[in-house]
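Accompanying notes for the structure given below.
The values are calculated or read from the model by the stated rules, or taken from the named source; none is laboratory data. Keep in mind that what you see is a predicted model, and the values were worked out from it rather than measured. For neighbour counting, all protein chains shown are included, and Cβ atoms are generated from backbone atoms with ideal geometry for every residue, glycine included.
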Amino acid sequence: MPEKLSKKTRVIDVGGVLLGGGHPVRVQSMTNTDTSDIATTLAQIKHLVEAGCEIVRVSVPDDDALAALPAIVKGAGVPVVADIHFNHKLAIGSLQAGAACVRINPGNIGGTEKTLAVVKAAKDLGAAIRIGVNSGSLERDLLDKYGVSAEALAESASRYSELLESADFRNYKVSIKASNVAMSVAANELFSAKSDVPLHIGITEAGTKRMGIIKSAVGIGALLLKGIGDTIRVSLTADPVDEIGAGFAILNAAGLRQSGVEVISCPTCARTKIDIITLAEKVEDMCAKIPRRLKVAVMGCVVNGPGEAREADFGIAGGVGEGLLFAKGEILKKLPEARLLDELMVLIKGSC
Ligand code: SF4
């Protein structure tokens, strides 16, 4: 499978992070702290960046949040996107405060003139804009014409895209979101077929960690496999740090941005005589910070394990009180169960 499947979009610059045009699909998240609380917000951003977050979005709902923005931009260590609803002055203020990008929904920012005022500020300051189209705030005429649908979402996005182009502004990306996965996917496909504007993709209001990751993996994954999507956010009702891990896992599964250790493990069956579930979780935790691209297998039985995981660089297979250490399907050693994990880690670390 090719490492890079993305459709060629135009390249945009979000505070020095390039998006689109074959650049790696960027993973982003959003803080859920009170933005006016600078220390708490920066602490959360630090955790996000440590987890791999490449662009962070913060809400700027009022003047207190706006006042905190310069310090947040300065301390973030990654480009900051200011999330604005309803108030174009907060968008302009955020750009003046150093935000690399503002996310606006032209459908609720107060009309064409106000949208263009934000565009002018972004242009003057060399910043980017994210146009966010959402199924909850579609224009009346599009709702009359199509109802809430992929067509309405895509046409709304095209409309705003044309507005920005008419102002000779090209440093923008578009997001088209609905909580309905199929509608989100169809709307992004429709827009992408007609435009080279980079797309930020995600499923809005995806839900709690379990359902949110499943919905996002289906929706984001479906688009990524068609080469659509230049940056992603996995929206979860959870700690935003979880969004980053989930984002990279989706990219990994889609064959994009492959790095780190991929742990493969068997589903277990009646042949399993050791606690593979705990063992696989431990291996995943212990390998979480290893940057080298490796496939490591944790298999439930010595009879079929090494063969079934032939494509793994290293692996263990459990037996009764003992197990096997193997590499590329070849058995290296028989070991007591208690030593399996340690010996596997010695092998992995020795190869890095
Ligand atoms: S590797 Fe062994 S234990 Fe695991 S599913 Fe296959 S046969 Fe069952």
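A few points about this structure:
- Unique match (being within 24 Å of I176 (Cβ to Cβ), of a type in the set (G, A, S) and modelled with pLDDT of 95 or more) among G22, G15: G15
- Annotation note: of D141, D83, D124, the sole residue that is without any contact (Cβ under 8 Å) to a residue 24 or more places away in the chain and under 22 Å from G16 (Cβ atoms) is D124.
- Residue check, A157 surrounded by fewer than 17 Cβ atoms within 10 Å (Cβ to Cβ) and either over 21 Å from L251 (Cα atoms) or of a type in the set (G, A, S) (or both): no
Conditions tested, residue by residue: (1) within 28 Å of G212 (Cα to Cα); (2) small (G, A, S).
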| site | (1), (2) |
| --- | --- |
| V25 | yes, no |
| E54 | yes, no |
| R57 | yes, no |
| G77 | yes, yes |
| P106 | yes, no |
| G111 | no, yes |
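- Scanning region 189-206 for residues that are more than 16 Å from N105 (Cβ to Cβ) and in a helix (DSSP H, G or I) yields E189, L190, S192, A193, K194.
- Selection status of V27, buried (at least 24 other Cβ atoms within 10 Å of the Cβ), touching a helix residue (DSSP H, G or I) at 6+ places or on another chain (Cβ under 6 Å) and either modelled with pLDDT of 95 or more or under 19 Å from I131 (Cα atoms) (or both): yes
- Applying the criterion of being modelled with pLDDT of 95 or more and buried (at least 20 other Cβ atoms within 10 Å of the Cβ) to the residues of region 172-183, the residue that is nearest to the chain's Cα centre (by Cα) is S175.
- Take the conditions (1) more than 16 Å from the ligand (Cβ to nearest atom); (2) surrounded by fewer than 16 Cβ atoms within 10 Å (Cβ to Cβ); D275 misses just one of them, which is (1).
- Residues in region 144-172 that are among the aliphatic types (A, V, I, L, M) and under 21 Å from G21 (Cβ atoms): A157, L164.
- Qualifying position, being in contact with a His (Cβ under 9 Å, 6 or more places away or on another chain), surrounded by fewer than 23 Cβ atoms within 10 Å (Cβ to Cβ) and either at pLDDT 95 or above or closer than 22 Å to G247 by Cβ (or both), among S6, S36: S6
- Residue in region 207-226 that is assigned to a loop (DSSP other than H, G, I, E, B) and buried (at least 20 other Cβ atoms within 10 Å of the Cβ) present: no
- Scanning region 306-331 for residues that are within 19 Å of R292 (Cβ to Cβ) and touching a Leu at 6+ places or on another chain (Cβ under 7 Å) yields D313, F314, I316, L325, F326.
- Residue within region 252-270 that is over 19 Å from K173 (Cα atoms), assigned to a helix (DSSP H, G or I) and either of a type outside the set (D, E) or touching a residue at least 24 places away in the same chain (Cβ under 8 Å) (or both) present: yes
- Residues in region 51-72 that are out of contact with any helix residue (DSSP H, G or I) (no Cβ under 7 Å at 6 or more places or on another chain), of a type in the set (A, V, I, L, M) and closer than 28 Å to K289 by Cβ: 1 in all.
- Test result for V283, within 16 Å of the ligand (Cβ to nearest atom), in a strand (DSSP E or B) and closer than 21 Å to E337 by Cα: no
- Residue count for region 227-241, restricted to those that are outside any loop (DSSP other than H, G, I, E, B) and buried (at least 21 other Cβ atoms within 10 Å of the Cβ): 3
- For region 32-50, the criterion of a residue being of a type in the set (D, E, K, R), closer than 23 Å to N105 by Cβ, in a loop (DSSP other than H, G, I, E, B) and out of contact with any helix residue (DSSP H, G or I) (no Cβ under 6 Å at 6 or more places or on another chain) is satisfied by at least one position.
- Residues being assigned to a loop (DSSP other than H, G, I, E, B) and either closer than 19 Å to R140 by Cβ or among the hydrophobic types (A, V, I, L, M, F, W, C) (or both) - total across region 77-117: 14
- The strands (runs of 3 or more DSSP E) falling completely within region 286-337 that include 3 or more residues that are away from the ligand (no atom under 16 Å from the Cβ) and modelled with pLDDT of 90 or more map to 330-336.
- Residue match in region 258-272 (condition: of a type in the set (G, A, S), within 16 Å of the ligand (Cβ to nearest atom) and in contact with a helix residue (DSSP H, G or I) (Cβ under 6 Å, 6 or more places away or on another chain)): yes
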